[in-house]
Amino acid sequence: MANFYVENFGCRATQADGAAIERQFEDRGLRRASTPAQSEIVVLNTCTVTAAADQDARAAIRRIRRENPDCQIVVTGCYAQRAPEEVASLPGVNRVIGNSHKAQLAEIVFPGEPGAGTSNASNPGFVPLSSLASEAQGEIYVSDIFAHTELLAAPVFDASGPGSNNDRTRPNLKVQDGCDNRCSFCVIPYVRGKSRSLPLFQIVEQINALVNSGFREVVISGINLGRWGRDFDVPLRFEEMVRQILRQTDLQKLRISSVEPMDWSDELIRTIATSSRIAQHAHVPLQSGSDRVLRGMHRKYRPWHYREKIEKIHSAMPAAAIGADVMVGFPGESDADFEETRRLIEDLPFTYLHVFTYSSRPGTPSAAMRELIPVQVARQRNRVLRDLAAEKKLAFMRTFLGKTVDAITLNVFDGTSTEALTDNYLKLRLKGKHAANQWLKAQVERTEAGALIAVAKAA
């Protein structure tokens with residue numbers, strides 16, 4: 001029996017795609033290997049959001065070729081979609097399969113295998129090797145991503161449930177893919193295509209299957225999650241999907257991943273704030289606190305709009321985790337622009353930040369901008385915001401000293417404590433060994449090394 005290994009890079013959506021690729025191989029009778037070195041087929045599911053992400057993928061290809069020279073290396077994902085010829089030219093790469101053909105990846109690798117259906121290798125959307133690559137290059141399967149309407153949904157885990165060491169405690173279900181926004185710095189729309197949504201009935205079916213398999217928390221994710229349902233013939237709003245999950249499933253806890261500022265409606269905030277079955281957690285991308293920079297980024301909100309949204313979320317959910325993505329070093333970002341960002345972050349009740357340094361992406365409007373920020377200046381700004389974020393996170397954590405919090409246990413035990421995650425997205429170490437996938441009440445004693453230290457309370 002052939003075996004395979006999928007290595008994922010990047011965001012939740014990529015992780016979900018990787019899980020679906022694993023299901024494709026398993027449905028064809030292949031066995032999952034425990035490491036790339038032991039695998040006959042290694043799939044690298046790549047990211048391309050920054051130049052560093054591309055470098056990580058290239059380094060992984062070199063490492064796998066060195067450790068397992070006889071394996072077949074298949075590169076898929078966003079880097080493969082953006083620069084297929086570049087990836088195909090790398091030594092050791094056998095096939096490059098873009099996001100446009102990710103749903104048929106196992107079929108491309110194993111055409112005509114039993115149970116696989118009819119091979120699509122003759123489909124005109126597949127780009128033959130002879131038309132794009134020399135004989136030294138890997139085969140390329142890439143076409144126009146904007147012509148594709150499929151959504152590669154995360155699979156439902158099987159009935160073995162979360163007791164297995166290989167299963168996650170908090171499965172991630174991708175319900176939306178693609179993006180219709182055109183932020184000037186972002187390459188993602190060009191590698192993931194138009195916004196498209198998983199039908200509501202499929203979302204409900206998959207969550208019910210996860211619940212029946214024993215999972216107690218599900219994270220719903222997407223590239224532009226708040227736009228879910230807008231592409232249907234009869235459009236639906238994101239809030240309706242959330243309500244229907246609550247009505248039609250017995251899921252104990254729903255966690256919502258990143259939602260853009262303009263999609264945080266009063267109705268959505270109210271729905272989350274009034275339901276004990278939705279995690280008290282809001283991730284709201286900011287990017288910049290400067291109006292001038294936001295306009296250059298082609299973002300669809302102004303700093304005062306953003307401030308209003310965060311204040312509404314905090315007012316409705318004072319104990320909620322509130323996080324943001326922030327970019328420093330965007331072309332033309334002046335010291336005054338950065339200070340506006342720093343001051344806005346300082347003023348707002350953030351509990352964590354994801355801080356990124358601008359990375360020029362080929363083909364995006366910002367790649368043609370000439371007012372580049374010196375690397376050392378961008379790095380210093382990054383450090384300032386990371387330090388500020390650390391201060392705000394610690395202050396937030398300290399508000400729970402001596403209090404009781406809800407947390408779900410994870411499948412990690414270090415010999416003295418069990419790792420857990422609170423409803424409001426704080427890492428918690430629970431004294432003693434506890435079964436994974438259990439919602440528990442925990443009494444917080446202290447903070448240590450970025451985590452709450454707590455003891456379980458009797459039920």
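With r as the distance between the Cβ atoms of ARG66 and ALA459 and R0 = 45 Å, compute the FRET efficiency 1/(1 + (r/R0)^6) and round to 0.05.
Values: r = 51 Å, r/R0 = 1.14.
Between ALA459 and ARG66 the formula returns 0.30.
Would you mind working out the magnitude of the charge dipole of the chain relative to its Cα centre, with +1 at each Lys and Arg C-beta and -1 at each Asp and Glu C-beta, to the nearest 20 Debye? Provide the component values of the computation, followed by the final result.
Working: 57 positive and 53 negative charges, 241 e Å.
In debye, rounded to 20, the chain gives about 1160.
Quick one, can you get me the convex hull of the C-alpha atoms of the stretch 258-300 expressed as volume per residue in Å³?
Numbers: hull volume 3.1 nm³, N = 43.
Per-residue hull volume (Cα only) is 72 Å³.
Given the Cα atoms of the stretch 333-447, and with Rh set as the inverse mean 1/r over their pairs in the Kirkwood sense, what is Rg to Rh to two decimals? Write out the running numbers ahead of the final one.
Values: Rg = 19.6 Å, Rh = 17.1 Å.
Expressed as Rg/Rh, it is 1.14.
How much net charge surrounds ASN45 when only the other residues with a Cβ under 9 Å from the Cβ of ASN45 are counted, with Lys and Arg +1 and Asp and Glu -1? Display every interim value, and only then the final one.
Details: positive: LYS102; negative: GLU7, ASP17.
Value of the local net charge: -1.
Would you kindly enumerate the cysteines in the chain that have no other Cys beta-carbon under 4.7 Å from their beta-carbon?
Here CYS11, CYS47, CYS71, CYS78, CYS179 come out as lacking a disulfide-compatible partner, given the Cβ-Cβ threshold of under 4.7 Å.
Tell me the per residue accessible area of the stretch 1-59 using a 1.4 Å probe; a whole number in Å² is fine. Intermediate results must be reported in sequence, preceding the final value.
Details: 2290 Å² over 59 residues.
That works out to 39 Å² for each residue.
Taking 7 Å along the Cα-to-C-beta vector as the label spot, tell me the PHE232-ARG292 distance in nanometres, rounded to one decimal.
Each label point lies 7 Å from its Cα, and together they span 4.4 nm.
Could you work out how far the C-alpha centroid of the stretch 245-269 sits from that of the stretch 301-379, in angstrom?
24 Å
What number, rounded to the nearest 500 deg cm²/dmol, is the helix-based mean residue ellipticity at 222 nm of the chain, given -39500 (n - 2.57) per DSSP H run of at least four residues and division by all its residues? Numbers along the way, then the final one.
On the way: 14 runs with 147 residues, N = 459.
Helices in the chain give a 222 nm mean residue ellipticity of -9500 deg cm²/dmol.
Please list, in order along the stretch 307-324, the HN-Hα scalar couplings obtained from phi with the Karplus expression 6.51 cos²θ - 1.76 cosθ + 1.60 (θ = phi - 60°), rounded to whole Hz, x for Gly and Pro.
Whole-Hz 3J(HN,Hα) from phi for the stretch 307-324: 4, 4, 5, 5, 5, 5, 4, 5, 5, 6, 9, x, 9, 6, 6, 10, x, 8.
Starting from a Cα-only point model with no solvent, please compute log10 I(q)/I(0) by Debye for the stretch 166-215 at q = 0.12, 0.18, 0.19, 0.28 1/Å.
-0.41, -0.70, -0.73, -1.00
With unit charges on the beta carbon (Lys/Arg positive, Asp/Glu negative), name the residue among LEU251, HIS148, GLY222 whose Cα is farthest towards the positive pole of the charge dipole of the chain.
LEU251
Relative to the present Cα-Cα distance, how much length would full extension add between ASP250 and ALA2 at 0.36 nm per residue of separation? Before the final figure, lay out the partial values.
Working: separation 248, 0.36 × 248 = 89.28 nm, distance 3.82 nm.
Extending this stretch completely gives an extra 85.5 nm.
Full-extension gain between ARG446 and GLU339, please, as 0.36 nm times their residue separation minus the C-alpha to C-alpha distance. Kindly include the intermediate steps, with their values, before the conclusion.
Details: separation 107, 0.36 × 107 = 38.52 nm, distance 3.34 nm.
Length gained between ARG446 and GLU339: 35.2 nm.
Working with all protein chains in place, sort ARG58, ARG383 by solvent-accessible area computed with a 1.4 Å probe, largest first. Walk me through the numbers on the way to the answer.
Values: ARG58 65, ARG383 120 Å².
Per-residue accessible area, sorted high to low, gives ARG383, ARG58.
Extent of the stretch 260-379 along each principal axis, from alpha carbon coordinates, in Å, largest to smallest?
48, 27, 21
At a 1.4 Å probe radius, which order do LEU372, LEU428 fall into by accessible area, largest first?
Numbers: LEU372 115, LEU428 0 Å².
Most to least solvent-accessible, the answer reads LEU372, LEU428.
Give me a comma-separated list of calculated 3J(HN,Hα) values for the stretch 238-245, in order, Karplus coefficients 6.51, -1.76, 1.60 applied at θ = phi - 60°, integers in Hz, x for any Gly or Pro.
3J(HN,Hα) across the stretch 238-245, in whole Hz: 4, 4, 5, 4, 4, 4, 5, 4.
Which is farthest toward the positive dipole end of the chain among ASN172, GLY450, ALA435, measuring Cα position about the Cα centre, with Cβ charges +1 (Lys, Arg) and -1 (Asp, Glu)?
My answer, from the dipole projection, is GLY450.
What does the accessible area per residue of the stretch 387-440 come to in Å², with a 1.4 Å probe and no ligands, DNA or RNA counted? Each step should come with its number before you reach the end.
Working: 2630 Å² over 54 residues.
For the stretch 387-440, the per-residue accessible area is 49 Å².
Over the stretch 294-382, give the accessible area per residue in Å² for a 1.4 Å probe, as an integer. Before the final figure, lay out the partial values.
On the way: 4240 Å² over 89 residues.
I get 48 Å² per residue for the stretch 294-382.
Starting from the Cα of ASN94, move 7 Å in the Cα-to-Cβ direction to define the label point; list residues of the stretch 39-64 whose amide nitrogen is under 16 Å from there.
Those under the cut-off are 39-45, 61-62, 64.
Kirkwood hydrodynamic radius for the stretch 170-247: how many Å is it when counted over pairs of different Cα atoms? Intermediate values should be presented prior to the final figure.
On the way: mean 1/r = 0.0752 Å⁻¹.
The Cα-based Kirkwood calculation yields 13.3 Å.
Please state the relative contact order of the chain as a whole percent: Cα pairs under 8 Å, 6+ residues apart?
Numbers: 954 pairs, mean separation 45.1, N = 459.
Reported as a whole number, the value is 10 percent.
Extending each Cα 7 Å along its Cβ direction at MET369 and ALA316, get the distance between those two points in nm, one decimal.
3.1 nm
List the residues whose amide H sits under 5 Å from the amide H of THR169, counting only those 5 or more places along or on another chain, with H placed 1.01 Å from N in the peptide plane.
Result for THR169 returns ASN411.
Net charge near THR351: determine it from the other residues with C-beta under 10 Å of the C-beta of THR351, scoring Lys and Arg +1 and Asp and Glu -1. Spell out each step's value before the answer.
On the way: positive: LYS392, LYS393; negative: none.
After counting each charged neighbour, the total is +2.
Tell me, what is the FRET efficiency for LYS300 and ASP325 to the nearest 0.05, using R0 = 22 angstrom and their Cβ-Cβ distance as r? Don't jump to the answer; show the numbers that get you there.
On the way: r = 15 Å, r/R0 = 0.68.
Here the calculated transfer efficiency is 0.90.
May I ask for the longest run of the chain untouched by GluC sites (Glu not before Pro) that are loop-located per DSSP and have at most 16 neighbouring C-beta atoms (other than their own) within 10 Å? Could the numbers behind the result be given before it?
Numbers: sites that count: GLU40, GLU135, GLU150, GLU371.
Here the longest segment lacking exposed loop sites spans 151-370.
Quick one: pull the percentage of alpha-carbon pairs in the stretch 196-318 with a separation above 17 Å.
More than 17 Å apart: 59 percent of the Cα pairs in the stretch 196-318.
If eta is 0.890 mPa s and T is 25 °C, what Stokes-Einstein diffusion coefficient results for the stretch 15-101, Kirkwood Rh from Cα pairs, in µm²/s? Kindly include the intermediate steps, with their values, before the conclusion.
Values: Rh = 13.1 Å.
The Stokes-Einstein estimate is 187 µm²/s.
Of the cross-linked pairs LYS403/LYS457; LYS393/LYS457; LYS393/LYS441; LYS194/LYS309, which ones have a Cα-Cα span greater than 18 Å in the structure shown?
Numbers: LYS403/LYS457 11 Å; LYS393/LYS457 25 Å; LYS393/LYS441 21 Å; LYS194/LYS309 26 Å.
Correct reply: LYS393/LYS457; LYS393/LYS441; LYS194/LYS309.
Got a number for carbon plus sulfur as a percent of the chain's accessible area, 1.4 Å probe?
On the way: 9830 of 19800 Å².
Carbon-and-sulfur percentage of accessible area, whole number: 50.
Using just the Cα positions, wrap the chain in a convex hull and report its mean projected area in square nanometres, one decimal place.
On the way: hull surface 91.1 nm².
Averaged projected hull area, Cα only: 22.8 nm².
Roughly speaking, what is the centre-to-centre gap between the stretch 12-41 and the stretch 423-459 when only Cα atoms are used, to the nearest Å?
Answer, in whole Å: 32.
The values are calculated or read from the model by the stated rules, or taken from the named source; none is laboratory data. What you see is a predicted model, and the numbers here were worked out from it, not measured in a lab. Note: ideal-geometry Cβ built from the backbone for every residue, glycine included; neighbour counts use all protein chains shown. Just so you know, the surface numbers come from the protein's heavy atoms only, side chains and all, with ligands and any DNA or RNA stripped out. Shrake-Rupley method; radii C 1.70, N 1.55, O 1.52, S 1.80 Å.
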